[in-house]
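Take a look at the structure below.
The values are calculated or read from the model by the stated rules, or taken from the named source; none is laboratory data. The structure displayed is predicted, hence computed values, not measured ones. Cβ: placed from backbone, ideal geometry, glycine included. Neighbour counts: every protein chain shown.
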């Protein structure tokens, strides 16, 4: 048996974060956020079915600054996840697989998610 004291594999501190790895992790996080946000959608539908008073109470809760911030974050997660899913479909079709294409499409996804969120909330507010 070797007495080598080196680690079996490199630690995360050795690697510099790359756009592709950050976007991959963000895609997973937004998937979880979308699932958690569905609880609010279900609560909204239940309040709608429960009557006008329950619906107005939930709408007033969602209209608070914290509620609006959560809804904006949820819509940003939705647009990011959607656009990154389209990016993955392009990869499945054999497109944008080179390093330049992967980085360009990654920045398009980030910019597109921000622009779409701003457009939706600019119209909504």
| field | Of the criteria (1) without any contact (Cβ under 8 Å) to a residue 60 or more places away in the chain; (2) surrounded by 10 or more Cβ atoms within 10 Å (Cβ to Cβ); (3) part of a helix (DSSP H, G or I), which one residue 95 fails | value | (3)
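Going by the conditions given, is residue 76 under 20 Å from the mean Cα position of the chain (by Cα), free of Cβ contacts under 8 Å to residues at least 40 places away in the same chain and either within 21 Å of residue 122 (Cα to Cα) or surrounded by fewer than 13 Cβ atoms within 10 Å (Cβ to Cβ) (or both)?
no
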| remark: Of the conditions (1) assigned to a helix (DSSP H, G or I); (2) free of Cβ contacts under 8 Å to residues at least 24 places away in the same chain, the single one that residue 117 does not satisfy is (2)
| Could we say that residue 66 is surrounded by 14 or more Cβ atoms within 10 Å (Cβ to Cβ) and on the phi < 0 side of the Ramachandran plot here? | no
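The rows are residues; the columns are (1) part of a loop (DSSP other than H, G, I, E, B); (2) exposed (fewer than 12 other Cβ atoms within 10 Å of the Cβ); (3) at pLDDT 95 or above.
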position	(1), (2), (3)
17	yes, yes, no
23	no, no, yes
29	no, no, yes
32	no, yes, yes
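With respect to residue 58, is the statement that it is in contact with a helix residue (DSSP H, G or I) (Cβ under 8 Å, 6 or more places away or on another chain), in a loop (DSSP other than H, G, I, E, B) and free of Cβ contacts under 8 Å to residues at least 24 places away in the same chain true?
Numbers: in contact with a helix residue (DSSP H, G or I) (Cβ under 8 Å, 6 or more places away or on another chain): yes; in a loop (DSSP other than H, G, I, E, B): no; free of Cβ contacts under 8 Å to residues at least 24 places away in the same chain: yes.
In short, no.
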